[in-house]
Amino acid sequence: MPPPANPHPNAHPGAAAFRDPITLATSLVRMAPAVRSRTRAITRHHAMLLRARIQRNASGRPGPNVITGQYRASWEVKVTVSGGRVTAEVSTQAPQSRRLEYGFVGVDRIGRHYRQPPYPHIEPAFRQTEPAYVDALESGVLG
């Protein structure tokens with residue numbers, strides 16, 4: 001039997017009033033798969049968007065110059081769902097990523113001298129993507 005309609009004057013028309021904690025818990029458990037699926041879709045969408053923005057930012061000034069395109073192509077997205085938690089990892093195994101993002105001044109392991117300025121391309125993409133991701137999670141709707 002569905003819970004009675006919420007009698008509160010400011011309640012959403014589709015809201016329900018729960019007086020029994022077991023009924024509330026049962027309703028929440030029923031909603032979990034749909035919420036998890038929606039959260040996964042929103043997280044995957046924004047992770048792919050973040051990767052695309054990083055790649056775009058790594059396509060010449062003010063970011064790093066493109067020589068072969070291998071660095072840009074090396075970015076990957078991995079989304080996992082485990083224990084009720086949805087996680088997205090946007091990463092690269094390219095060894096130059098840290099130097100390109102933060103710059104490098106000094107001598108490397110084989111004695112070469114560098115004075116490489118930073119070309120931020122990861123953090124600006126993250127800062128641009130984060131607000132829309134948080135909004136989408138709060139509303140449950142992709143923009």
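The values are calculated or read from the model by the stated rules, or taken from the named source; none is laboratory data. Here the structure is a predicted model, which means the values were calculated and not measured. Backbone-built Cβ (ideal geometry, glycine too); neighbour counts: all protein chains shown. Please note that ligands, DNA and RNA were not included when accessible areas were found on the heavy atoms of the full protein model with its side chains. Shrake-Rupley method; radii C 1.70, N 1.55, O 1.52, S 1.80 Å.
Quick test for you: out of 30, 36, 72, pick the one residue that is modelled with pLDDT under 90, closer than 23 Å to residue 129 by Cα and within 28 Å of the chain's Cα centre (by Cα).
36
Residue 54 - would you say it is of a type in the set (Val, Ile, Thr), in contact (Cβ under 8 Å) with a residue 12 or more places away in the chain and either open to solvent by less than 60 Å² (accessible area, probe 1.4 Å) or part of a loop (DSSP other than H, G, I, E, B) (or both)?
Spelling it out, residue 54 is indeed of a type in the set (Val, Ile, Thr), in contact (Cβ under 8 Å) with a residue 12 or more places away in the chain and either open to solvent by less than 60 Å² (accessible area, probe 1.4 Å) or part of a loop (DSSP other than H, G, I, E, B) (or both).
Among the residues in the range 115-135, are any free of Cβ contacts under 8 Å to residues at least 24 places away in the same chain, in a strand (DSSP E or B) and not polar (S, T, N, Q)?
Within the range 115-135 (the criterion being free of Cβ contacts under 8 Å to residues at least 24 places away in the same chain, in a strand (DSSP E or B) and not polar (S, T, N, Q)), the answer is yes, since at least one residue qualifies.
Mind listing whichever residues of the range 57-101 are open to solvent by 30 Å² or more (accessible area, probe 1.4 Å) and touching a residue at least 60 places away in the same chain (Cβ under 8 Å)?
57, the sole residue that qualifies.
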